[in-house]
Amino acid sequence: MEKKQRPPVYYSQYLQLDKILNAQEPESAKEGIKADDEMLFVIIHQTYELWFKQILHELDIVRNIFRQPNVADNSPDIYNSVHRLKRICTILTVLVDQISIIETMTPLDFLDFRDLLRPASGFQSIQFKMIEAALGLNYENRFGQEYYLSQLNEEDISRVKQAEAEESLLVLLNRWLERMPFCGNIYWGGRQDTKTEGHPFWTSYRETYAAGLAPVEQQNLEHFDRIFINEQDYPRDRRLSSLASRSAFFIMLYRDYPLLQLPYELLSTLLEIDELLSLWRHRHIHMVQRTIGKRVGTGGSTGAGYLKSAADSHMIFKEIAELTSFLLPRHEVPELPQQLKAELGYNR
């Protein structure tokens, strides 16, 4: 069959440069006001939105992988997921660095056009809200709920609610972790149940962990018991289930085994995403403080105060980060049964 001849692709047409390069319409130009830095302000924020679109694209691919009934350990899926999450980290690093460019705009430069922007605000970035929802930030954990939808038009409200109605990466991660068999009981004496009470691994681990705690850290043992031992006391406000938490902890402890290296990279990269989002928010806070001081934001929020509170409360994967409180040095970690070692190695 003869291959169909495709028309030649031209650079500017392929990239739709006519649309992109003519999409900057500063409000100051419309009003006949000289404000040379508004072009920078527009281009910076358009660039942010393009990167947000790419992040959403990567997250959709990763979530589709974890929507499968079974994510095979020996398939390319886990590697592909880690690769795309690391790409998101690289993009977020660029977004943080991009603040240095906008910081070349002085407070007086911004005042030349700031009042013309009202009530538009970065708070109205629908894609950023969709990124947070796709990762796992739910409405109940959002700071400033009174601002959350009040400044959006009906179409954008619908888009945000649709994003929140979909299964987030955190929900899918929980389901994947629950399916991991290696921290169950079958490898320790043939028990088929999933209870940790009386389990030789958790009994041994708890004893060693307790012996190494300083007097001021004794409350950590109570928290350890609530997370790993006493399922009836498991904190109800945690998004990860007790089984998923145990699996994540097991991955952290035994990450050096071949089968757990990529799962560990996955968890570690999710924590890096949280860290970079927090860094981006804090850089944004300092930029706002430097540029408008204690004035309110153009959208009516409390400006830097709102941003700081959101940065403190919007950590999505903090439950994974908290598990590091219970780690032991490698030489104190319990030895795994031979069958389990074989399962976690290359020669399965």
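The values are calculated or read from the model by the stated rules, or taken from the named source; none is laboratory data. Since the model is a prediction, treat every value here as computed from it, not as a measurement. Neighbour counts are summed over all protein chains in view; Cβ atoms, including those assigned to glycine, are modelled from backbone coordinates with ideal geometry.
May I ask you to verify whether residue 227 is modelled with pLDDT of 75 or more, in a helix (DSSP H, G or I) and under 26 Å from residue 54 (Cβ atoms)? Criteria not met by residue 227. Is it the case that residue 257 is in contact (Cβ under 8 Å) with a residue 24 or more places away in the chain and over 22 Å from the mean Cα position of the chain (by Cα)? Yes.
Quick one: is residue 103 modelled with pLDDT of 90 or more, within 30 Å of residue 30 (Cβ to Cβ), among the acidic types (Asp, Glu) and touching a helix residue (DSSP H, G or I) at 6+ places or on another chain (Cβ under 8 Å)?
Yes; evaluated as a whole, the condition is true for this residue.
Just one of the numbered conditions (1) modelled with pLDDT under 90; (2) within 24 Å of residue 160 (Cβ to Cβ); (3) of a type in the set (Val, Ile, Thr) is not true of residue 91: (1). Answer yes or no: is there a residue in the stretch 100-116 that is loosely packed, with under 13 Cβ neighbours inside 10 Å, on the phi < 0 side of the Ramachandran plot, in contact (Cβ under 8 Å) with a residue 40 or more places away in the chain and aliphatic (A, V, I, L, M). For the stretch 100-116, residues loosely packed, with under 13 Cβ neighbours inside 10 Å, on the phi < 0 side of the Ramachandran plot, in contact (Cβ under 8 Å) with a residue 40 or more places away in the chain and aliphatic (A, V, I, L, M): present.
If you go through the stretch 117-133 and pick out every residue that is buried (at least 18 other Cβ atoms within 10 Å of the Cβ), among the charged types (D, E, K, R) and touching a residue at least 60 places away in the same chain (Cβ under 8 Å), you end up with 1.
Quick check: anything in the stretch 134-142 free of Cβ contacts under 8 Å to residues at least 24 places away in the same chain and part of a helix (DSSP H, G or I)? Scanning the stretch 134-142 turns up at least one residue that is free of Cβ contacts under 8 Å to residues at least 24 places away in the same chain and part of a helix (DSSP H, G or I).
Each residue in the stretch 202-254 was checked for being closer than 23 Å to residue 186 by Cβ, touching a residue at least 60 places away in the same chain (Cβ under 8 Å), buried (at least 17 other Cβ atoms within 10 Å of the Cβ) and touching an Asp or Glu at 6+ places or on another chain (Cβ under 8 Å), and 5 of them qualify.
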